[in-house]
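Following this message is one structure expressed as structure tokens.
No value in this document is a laboratory result; all are computed from the given coordinates. Predicted, not measured: the structure shown is a model, and the values here were computed from it. Heads up, the Cβs are rebuilt from the backbone with ideal geometry, glycines too, and the neighbour counts pull from every protein chain shown.
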Amino acid sequence: MDYQVLMDKAIEVSKNAYAPYSKFSVGACVAGGSGNLYSGCNFENSSYGLTICAERNAIGTAIAAGEKEITAIAIYSPNSPDCRPCGACRQVISDFCAPEGIDVITQDEHGLKIRSFNELFPERFRL
Ligand code: THU
């Protein structure tokens, strides 16, 4: 898989973020098991706790399209190079990736960074 394509989609969708409260825009793009790509951005709410992160929006879109698993995720914030997923999103990603984990792609001034999900979220809870 071309991770730059995944990242470019995360960058593109971050422009649609609805983040009037934090002013922190995030975009994410996941690859589904079929190979199709699904993008999502964060969208906040005046009741702050209802905010949905970009990662969970992208995963929800993949699930709604019929995907059963994700095989990689790219995350981008113009506010923060190398933006990693929050704890809640790590748990959500966990349910849709294989036990051996997936690649988590971010980008900093040196280019793409690829981390192993299992290193980001060791000893994760699974039923
Ligand atoms: N946010 C994400 O979309 N993904 C993350 O992994 C971290 C945080 C969003 C939530 C909120 O809208 C804003 O960034 C600031 O926390």
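Treat each spin label as a single point 7 Å out from the Cα along the C-beta direction, and report the GLU100 to ALA65 distance in nm.
Distance between the two pseudo-spin positions: 2.4 nm.
Continuing with the same structure: Over all distinct Cα pairs, what is the inverse of the mean 1/r for the chain, reported as the Kirkwood hydrodynamic radius in Å? Show your work: numbers first, answer last.
Values: mean 1/r = 0.0699 Å⁻¹.
Taking the inverse mean of 1/r over all distinct Cα pairs, the chain comes out at 14.3 Å.
Can you tell me the dipole magnitude for segment 1-91 around its Cα centre, using point charges on the Cβ only (Lys, Arg +1; Asp, Glu -1), in Debye to the nearest 20?
Details: 7 positive and 8 negative charges, 42 e Å.
Rounded to the nearest 20 debye, it is 200 debye.
Need one number: % antiparallel among DSSP beta bridges in segment 45-127, to the nearest 5. Walk me through the numbers on the way to the answer.
Working: 6 of 9 bridges.
Counting only bridges with both partners in segment 45-127, antiparallel ones make up about 65 percent.
Take the Cα atoms of segment 34-99, build their convex hull, and give its volume per residue in Å³.
On the way: hull volume 6.7 nm³, N = 66.
With only Cα atoms used, segment 34-99 gives 101 Å³ per residue.
With springs only between Cα atoms under 10 Å apart, run a GNM on the chain and tell me which of SER25, SER34, SER47 wobbles the most.
SER47
Considering the chain as a Gaussian network with a 10 Å cut-off on Cα pairs, which listed residue, ALA28, ALA19, ALA64, attains the greatest mean-square fluctuation?
ALA64
Please find the FRET efficiency linking GLU123 to SER80, where r is the Cβ-Cβ separation and R0 is fixed at 30 Å, and quote it to the nearest 0.05.
Values: r = 26 Å, r/R0 = 0.87.
Given R0 = 30 Å and the Cβ-Cβ separation, E is 0.70.
Between segment 26-80 and segment 87-127, what is the separation of their alpha carbon centroids in Å?
Centre-to-centre distance over Cα atoms comes out at 13 Å.
Please find, in a Gaussian network model of the chain (springs between Cα atoms separated by less than 10 Å), the residue of ALA62, ALA98, ALA72 whose mean-square fluctuation is greatest.
Most flexible of the set in this elastic network: ALA98.
If the reach is capped at under 22 angstrom between alpha carbons, list the lysines near LYS113, excluding any in the same chain fewer than eight residues apart.
LYS9, LYS15
Loop-only check: which trypsin sites (Lys or Arg not before Pro) in segment 96-126 are DSSP coil with at most 11 other Cβ within 10 angstrom?
Counting only loop positions with at most 11 other Cβ atoms within 10 Å, the trypsin sites (Lys or Arg not before Pro) in segment 96-126 are ARG126.
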